[in-house]
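Take a look at the structure set out below.
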Amino acid sequence: MLLAQLPASAAPRGDPVAGREKADSERCLECHGGSGEGQGFSVGTDGKFAKLGGQYPEYIIKQIQDFRSGKRKHEFMKMMATGISDADLADIAAYFATLPPMPAAAKSAQAPQQAAAPLSHAQQLYAQGDPARKLPACTSCHGEGGKGTAGVGPVIGGQGQRYLEQQLHDWRSGSRNNSAGGVMNQFAAPLSDAEIEALARYVSEM
Ligand code: HEC
Ligand code: HEC
């Protein structure tokens, strides 16, 4: 049989042009934004709507699968994830991946002594980790400037500050626990509230 010679799981290569249409008709753009729309609600000060521009398509697909299966918990995103087919998902992921990368937030003019954990501390944690607490450098997986490392860690640089803060709290509490091997739960565990706030701000401004 000829068919049997085809690779068993030919990963669907998404079509970004079809994906643009689908992201619109499936309402993804309302919250996650699109090209030229400043990433929708995700840029608002109280936005917890994850920017998706320039994100790895594989990461987007994994998150949708995790929302579907309940491995990552969010009522609304579970409903959205269940409502689209795998083919639509491949196209939508390809579309977001081709958008310009998440724009960095304006640098805050925060004097170091004003915050419990200054940005310089966040910068150090990001670039070097903290061996005393067995904390690896974030950069080893999320890359320089948070640009991500294909197949290792998603893009986080320029992601919304409030979204980042929420995710770090969720990793720490365990309410989000869909990273392979629980690595993100392990790394967030020793962080203080002040460190989470400083890291979220620092990463959002990358
Ligand atoms: C009403 C707003 C809303 C709509 C519409 C919506 N989302 Fe979301 N989405 C969210 C929120 C809020 C989160 C963050 C969930 C959390 O806190 O874990 C999220 C998270 C995500 C994530 C995870 C991002 C990350 O960085 O981990 C992906 C991927 C995603 N949405 C894709 C989609 C797609 C695809 C659609 C359309 C089919 C869609 N969303 C529609 C609100 C929305
Ligand atoms: C060993 C690799 C690794 C290291 C080191 C690492 N991360 Fe991650 N991180 C990941 C992976 C993998 C994911 C995605 C997990 C998933 O949902 O599949 C992730 C997800 C995240 C997310 C959620 C992104 C989103 O869009 O929802 C944030 C925020 C984050 N990491 C911040 C950090 C910070 C801050 C550090 C340093 C303290 C760090 N990470 C260190 C691998 C790593």
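Are any of the residues in the stretch 117-140 over 17 Å from the mean Cα position of the chain (by Cα) and among the β-branched types (Val, Ile, Thr)?
No.
State yes or no: is Ile92 surrounded by 13 or more Cβ atoms within 10 Å (Cβ to Cβ), of a type in the set (Val, Ile, Thr) and touching a Lys or Arg at 6+ places or on another chain (Cβ under 6 Å)?
Yes; evaluated as a whole, the condition is true for this residue.
Hey, could you check the stretch 183-206 for residues that are surrounded by fewer than 17 Cβ atoms within 10 Å (Cβ to Cβ) and near ligand 2 (Cβ under 10 Å from one of its atoms) and say which is farthest from His32 (Cα to Cα)?
Ranking the qualifying residues of the stretch 183-206, first place goes to Pro190.
Kindly list, by first and then second residue, each pair from a residue in the stretch 169-180 that is among the hydroxyl-bearing types (Ser, Thr, Tyr) to a residue that is within 8 Å of ligand 2 (Cβ to nearest atom), limited to pairs with Cβ atoms under 8 Å and residues at least 6 apart or on different chains.
Cβ pairs passing all conditions: Ser179/Trp171.
Give me a count of the residues in the stretch 64-76 that are touching a residue at least 12 places away in the same chain (Cβ under 8 Å) and either assigned to a helix (DSSP H, G or I) or within 10 Å of ligand 1 (Cβ to nearest atom) (or both).
7
Please work out which residue is farthest from ligand 2 (Cβ to nearest atom), limiting yourself to the stretch 127-150 and to residues that are at pLDDT 95 or above and on the phi > 0 side of the Ramachandran plot.
Top of the filtered list is Gly145.
The values are calculated or read from the model by the stated rules, or taken from the named source; none is laboratory data. Because the structure is predicted, anything quoted here is derived from the model rather than measured. With ideal geometry, Cβ positions are generated from the backbone for all residues, glycine too; neighbour counts draw on all protein chains shown.
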